[in-house]
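A short write-up of the structure that comes next.
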Amino acid sequence: MTRDQSFQDEPDPSLDFSAFPSVTCALDSGHRAHSADFGPGWYSSSGDGRFDLAEPLGTLYSADDVETATREYVGPSLRGRRKIKRELAERFVVSEITLPEGKNYADLGSRTAERFDVIRELLTTTDYDLTQTWAHAFEDRAKLDGVRYPTRFTLGEPNAWALYGPAGADPSITSISMIDGPTACTESGLQVVDGPGHSSSYRKIT
């Protein structure tokens with residue numbers, strides 16, 4: 001047994017997922033970091049997101065606040081530091097969006113999820129084939145509309161939503177308000193620098 005050994009297994013096919021703990025969204029709106037060149041309504045099926053579903057479905061990611069949304073977008077570029085290159089910061093914006101009502105999400109902040117063999121590694125592993133297998137279990141076996149979870153690049157209680165829907169753009173999801181990337185970084189305690197910093201074109205949604 002080694003430290004880098006994975007302990008999160010795939011969903012047990014013998015378990016009844018209809019009793020998986022769930023929660024509804026009590027927020028009126030969420031925050032979504034996205035490319036400045038595109039709108040906020042995108043259900044990802046590319047496999048780059050932790051809980052992406054495969055086409056014809058996809059997953060839209062939203063955070064409770066600007067800081068969570070920002071850190072999820074730039075997280076792979078932080079590498080434990082607080083400096084972000086202006087070039088990266090100017091690539092994205094953070095939109096406040098209206099969240100659909102009446103949706104039920106798999107609650108990964110519930111201790112009851114342990115009874116279905118969920119451990120914290122599901123929220124931090126980079127094995128996205130595994131996490132997406134769980135996403136499909138929540139959608140197909142638990143008949144849930146998405147996932148409520150704590151994000152990889154922040155600490156504390158669950159602070160993000162992964163909502164299932166038809167893959168691709170959803171023009172009905174628009175920005176209530178929007179701030180640019182440099183402002184979002186500053187509000188999130190990150191330093192935007194013009195010189196040496198951390199930047200990368202690689203990004204996964206967590």
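Computed from the coordinates by the stated procedures, all read-outs in this text should not be read as laboratory data. Keep in mind that this is a model prediction, so the values were computed, not measured. In this analysis, Cβ positions are derived from the backbone assuming ideal geometry, glycine residues included, and neighbour counts consider all displayed protein chains.
Couplings 3J(HN,Hα) of the range 52-58, computed from phi: 4, 9, 7, 4, x, 9, x Hz, in residue order, whole Hz [Karplus 6.51 cos²θ - 1.76 cosθ + 1.60, θ = phi - 60°; x for Gly and Pro]. Our coupling estimate for the range 8-21, obtained by passing each phi through the Karplus curve with A = 6.51, B = -1.76, C = 1.60 and θ = phi - 60°, is 7, 9, 6, x, 6, x, 8, 8, 8, 7, 5, 9, 4, x Hz, Gly and Pro reported as x. The convex hull around the C-alpha trace of the range 28-193, projected and averaged over every direction, spans 9.3 square nanometres. I'd like the distance separating the alpha-carbon centroids of the range 66-92 and the range 9-34, in whole Å. After rounding, the separation between the Cα centres reads 26 Å. Bridging of residue 143 to aspartates and glutamates at a Cα separation below 14 Å is possible for 16, 107, once same-chain residues fewer than 8 apart are set aside. Measuring r between the beta carbons of residue 117 and residue 29 and using R0 = 25 Å, the FRET efficiency lands at 0.15. Rounded to the nearest 20, the size of the Cβ-charge dipole of the range 28-193 about its Cα centre is 580 debye, with Lys and Arg at +1 and Asp and Glu at -1. For residue 83, the aspartates and glutamates whose Cα falls under 15 Å of its own Cα, not counting residues fewer than eight places away in the same chain, are 67, 72, 187, 194. For the range 135-193, the equivalent ellipsoid derived from the alpha-carbon gyration tensor has semi-axes of 29, 18, 9 Å in decreasing order.
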